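One structure is given below, encoded as C-alpha cells.
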Amino acid sequence: MKRQNWLLIVAVVLLTALPLWLVPKPAAGPDGQPGTIFGGADGQAQQAISNIAPNYQPWFAPLLEPASNEIASLLFALQAAIGAGVIGYWLGAAVTRDRLKKEAERKAAEAAEDRRAD
Amino acid sequence: MHIMEGFLPVEHALGWTVASAPFVVLGIRSVRRQLRERPEQRMLLGVAAAFSFVLSALKLPSVTGSCSHPTGVGLGALLFGPLAMVPVGLVVLLFQALLLAHGGLTTLGANLFSMAIVGPFVAYGIFRLARGARLSLAVAVFAAAFMGDLATYLTTSVQLAWAFPDPAGGFAASLLKFGSIFAFTQLPLAVSEGLLTVLVVNALTRFNAEELRHLPLFAGRRATA
C-alpha cells in the first residue's frame with residue numbers, strides 16, 4: 001500500500017510537471033510579442049464565444065473583481081490552504097489515533113503476559 | 001468549467017438555475033440527515049469538502065498548453081452519495097464567484113449543474129458499475145473520479161454549445177469547438193484527480209475503516225469483496 005501511494009504521488013507530479021517541458025512555446029505573434037501559453041481554458045472558452053457570437057454582450061458583470069493578479073492568487077492560495085489545513089488535521093489526528101490504539105493494544109498484551117507470569 | 005459571469009443568455013442562465021435548485025434542496029437535506037444519523041461522520045465530510053476546495057483551487061498545466069483545474073467532488077460522492085456534494089460544490093463556486101470573479105452568480109446554476117450534479121452522479125454511477133463488475137476498490141475509485149471529472153467538463157461544453165451554436169455548423173460544430181478546449185485539456189487532469197482520489201481512499205481505508213463501514217462506498221462490500 002505504501003509503495004502504491006508513493007507511485008501515485010510520483011505519477012501526479014509527473015503528469016503536472018511534464019507538460020511544462022513537453023509543450024512547445026508558441027511562436028511570436030505578428031506584433032513580435034511571444035504568444036501566450038498555459039492560459040486558462042475558461043478564458044479560451046470565453047474567446048470562442050466571442051468568435052461564434054461576436055455580437056453577444058455579457059449582461060451581468062462580477063460584483064467584485066480581484067484588484068490584481070496578485071490578489072487573485074492570494075485568494076486561490078487561501079482556498080487551497082483552507083482545504084489542505086482540514087486534510088492535514090484529519091491525517092494527523094488519524095495517524096495519532098492509530099498509533100495510540102496500537103500502543104494500547106501492545107500494553108494490554110504485555111499486561112496479560114505479566115499476569116500469566118505471576 | 002467555470003462559465004464566466006454574464007456569459008450565458010438570460011433564458012439559459014435561468015433555466016440552469018431552475019434545474020439545479022431542487023438538487024440544492026435535496027443535497028442539503030441529505031447532508032443534514034447523514035450528520036444527524038451519524039455525527040461521527042462530520043470529520044470525513046470535512047475531508048471530502050476540503051479535498052474539493054484544494055483541487056478546484058489548483059489550476060494545472062495540461063498537454064494542450066492551457067490550464068484547467070480538477071473538481072475533487074468524486075471523492076465525496078463515493079463517500080456520502082452524489083447529492084451530498086451539491087452543497088459542497090455550491091460553497092466552492094460561491095467563494096470563487098463572489099471573491100474571485102471566477103464563474104459568476106448568473107452562471108452559478110449552470111456551473112453547479114456540471115460540477116456538483118453531473119460530476120458526482122457520474123462518479124457514483126461508474127463506481128457502482130465498476131464494483132458490480134468486481135473491479136478492485138482502487139480501480140473503481142480511479143475510474144469513478146476520472147469519469148466524473150471529465151463528465152463535468154463535457155457538460156460545460158454542451159451548455160456552451162447549446163447557448164452558442166455555431167452560425168454555420170450549429171450545435172455540433174460548437175460542441176466540437178468547446179469540447180476540444182475543455183475535454184482534451186482535462187484528460188491528464190482527470191487522471192491526476194483519479195490518482196489523488198485513490199490516494200485519499202487508501203488513507204481512509206487504513207485509518208477510518210470503522211466510519212467507512214456505514215458509508216455507501218462500502219455498503220455492498222461484503223457482497224462483492
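Starting from the Kirkwood radius over alpha-carbon pairs of the stretch B:10-93, derive D by Stokes-Einstein at 37 °C in a medium of 0.692 mPa s and give it in µm² s⁻¹.
The Stokes-Einstein estimate is 234 µm²/s.
Take the Cα atoms of the protein assembly as shown, build their convex hull, and give its volume per residue in Å³.
On the way: hull volume 56.7 nm³, N = 343.
Expressed per residue, the convex hull around the Cα atoms of the protein assembly as shown is 165 Å³.
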Can you compute the radius of gyration and Dmax for chain A, using only the Cα atoms, both in Å?
26.9, 92
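If you average 1/r over every pair of different alpha-carbon atoms in the stretch B:15-61 and take one over that average, what Kirkwood value in Å do you get? Please report the intermediate quantities before stating the final value.
Working: mean 1/r = 0.0792 Å⁻¹.
Kirkwood radius, the stretch B:15-61: 12.6 Å.
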At q = 0.14, 0.15, 0.23, 0.26 Å⁻¹, what log₁₀ I(q)/I(0) does the stretch B:136-187 have when each alpha carbon counts as one equal point scatterer in the Debye sum?
-0.41, -0.45, -0.76, -0.87
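Over 23 Å, how big is the tail of the calculated P(r) for the stretch B:10-224, in percent of all Cα pairs? Spell out each step's value before the answer.
On the way: 10309 of 23005 pairs.
That tail contains 45 percent of the Cα-Cα pairs.
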What are the extents of the Cα atoms of the stretch B:73-148 along their three principal axes, listed from largest to smallest and rounded to whole Å?
43, 18, 16
Neighbour-count ranking [beta-carbon atoms within 10 angstrom, fewest first] of A:23, B:47:
A:23, B:47
At 222 nm, what value in deg cm²/dmol follows for the protein assembly as shown if DSSP H runs of at least 4 each add -39500 (n - 2.57) and the sum is divided by all its residues, to the nearest 500?
-24000 deg cm²/dmol
Exposure proxy order (Cβ contacts within 10 Å, fewest to most) of B:85, B:43:
B:43, B:85
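We did not get these values from a lab; they are worked out from the coordinates using the rules stated. Not measured: the values here are computed from a predicted model. Because the Cβ atoms are built from the backbone with ideal geometry, glycine has one as well, and the counts that use them run over all protein chains shown.
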